[in-house]
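Enquirer: Here it is, the structure in full.
All of the numbers you see were taken from the coordinates with simple rules; none came from a lab. As the structure is a prediction and not an experimental result, all values here were calculated from the model. Here Cβ is always computed from backbone atoms with ideal geometry, including for glycine, and neighbour counts include all displayed protein chains.
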Amino acid sequence: MSDCPLAGTAALLIHGFGGEPFEMLGLAQALQALGCEVSVPLLPGHGSSVADWCKVPFSALTSAVEREFDVLSERHGRVLVCGLSMGGTLSLHLGIARRPAGIVSIAAPVHLYRFWPPEFPDWRMPLVPLLKRIRPLWPTDAPNPEARRIAPWKGYEDYVSLEALDSFLDGMHHVKKRLPELEAPLLCLHSPGDRTVPLSSSFAIMSGVSSHERRLELLPIHETVTKHHVLTTHDETMDRVRGLVEGFALECLG
């Protein structure tokens, strides 16, 4: 086998809500080592200021990843799309709006709560459209140093923009409705104990898409400190995630 089996192909890696490309860099390095050209863009409104974050709707994010995908697609016929959390939702959007060679969704939400069967990881989530009018910037708890050591992450830490969150909730609803239009090969990764995005979201993705090739991999986590969500950097899951993504990339792009 060639030392660069993915030469002439590309991958678009998309970070999550409020985050930065940092959380995708390990995957980027693994795919680059296989000869794949990799793009890990900083999404609009991220990596600057919370004020900027508040101004950027979800539609601006979908437009940004579409443009980046188009650039890669012009240079390479085959492009893999992979995203963590909101980045996974954006990857699903690209699977609907474009024709990627494959999609990897990692802890991706197409819902963060549901009324039936009842599921409310955060009881405030259905109230976001109202709460954003009362307190547009919602303060968050100080980061736990041990959690950051176990699952490193970079991004906005002091506040959540409820304007951005409300737009994201609306955007993921539209993505969920259009899942039957997605036909690309799909690898879905999730931790059963994820306390940010419920596992039922990945079940909804798997049952909603029209992909003939689809696979759900569950990655259990044993520690009790983190929210079991940032699988790309977590001590217990990052190597498994890299191996699964590498294998899937070789299947789709090789």
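Enquirer: Is the C-alpha gyration tensor of segment 185-254 telling us rounded, prolate or oblate? Criteria: a/c under 1.5 is rounded; beyond that, a/b larger than b/c is prolate, otherwise oblate.
Expert: oblate
Enquirer: Among DSSP beta bridges lying fully in segment 10-253, give the percent that are antiparallel, nearest 5.
Expert: Working: 5 of 27 bridges.
Looking only at bridges with both residues in segment 10-253, the antiparallel portion is about 20 percent.
Enquirer: Still on this structure, I have one more. In deg cm²/dmol and to the nearest 500, what is the mean residue ellipticity at 222 nm of the chain if only DSSP H runs of at least 4 residues count, each as -39500 (n - 2.57), divided by the residue total? Each step should come with its number before you reach the end.
Expert: Details: 9 runs with 100 residues, N = 254.
So the calculated ellipticity at 222 nm is -12000 deg cm²/dmol.
Enquirer: Grab the other residues whose beta carbon is less than 14 angstrom from that of residue 213, score K and R as +1, D and E as -1, and report the net.
Expert: Working: positive: 214, 215; negative: 183, 217, 251.
Every neighbour counted, the sum reads -1.
Enquirer: For residue 135 and residue 174, what does the FRET efficiency come to when R0 = 30 Å and r is the distance between their Cβ atoms, rounded to the nearest 0.05?
Expert: Values: r = 26 Å, r/R0 = 0.86.
Calculated transfer efficiency: 0.70.
Enquirer: Charges only on Cβ, +1 for Lys and Arg, -1 for Asp and Glu: so what's the dipole of segment 10-253 about the Cα centre, in debye to the nearest 20?
Expert: Working: 23 positive and 28 negative charges, 104 e Å.
Charge dipole of segment 10-253: 500 debye, to the nearest 20.
Enquirer: Kindly state, to the nearest 0.05, the FRET efficiency for residue 157 paired with residue 224, given R0 = 30 Å and r defined as their beta-carbon distance. Intermediate results must be reported in sequence, preceding the final value.
Expert: Numbers: r = 21 Å, r/R0 = 0.71.
Step by step, r from the Cβ atoms, then E = 0.90.
Enquirer: With log10 I(q)/I(0) by the Debye sum over Cα atoms at q = 0.10, 0.17 Å⁻¹ as the read-out, I listed [x] -0.65, -1.23; [y] -0.54, -1.36; [z] -0.44, -1.38; which label goes with the value calculated from this structure?
Expert: Evaluating log10 I(q)/I(0) by the Debye sum over Cα atoms at q = 0.10, 0.17 Å⁻¹ on these atoms matches [z].
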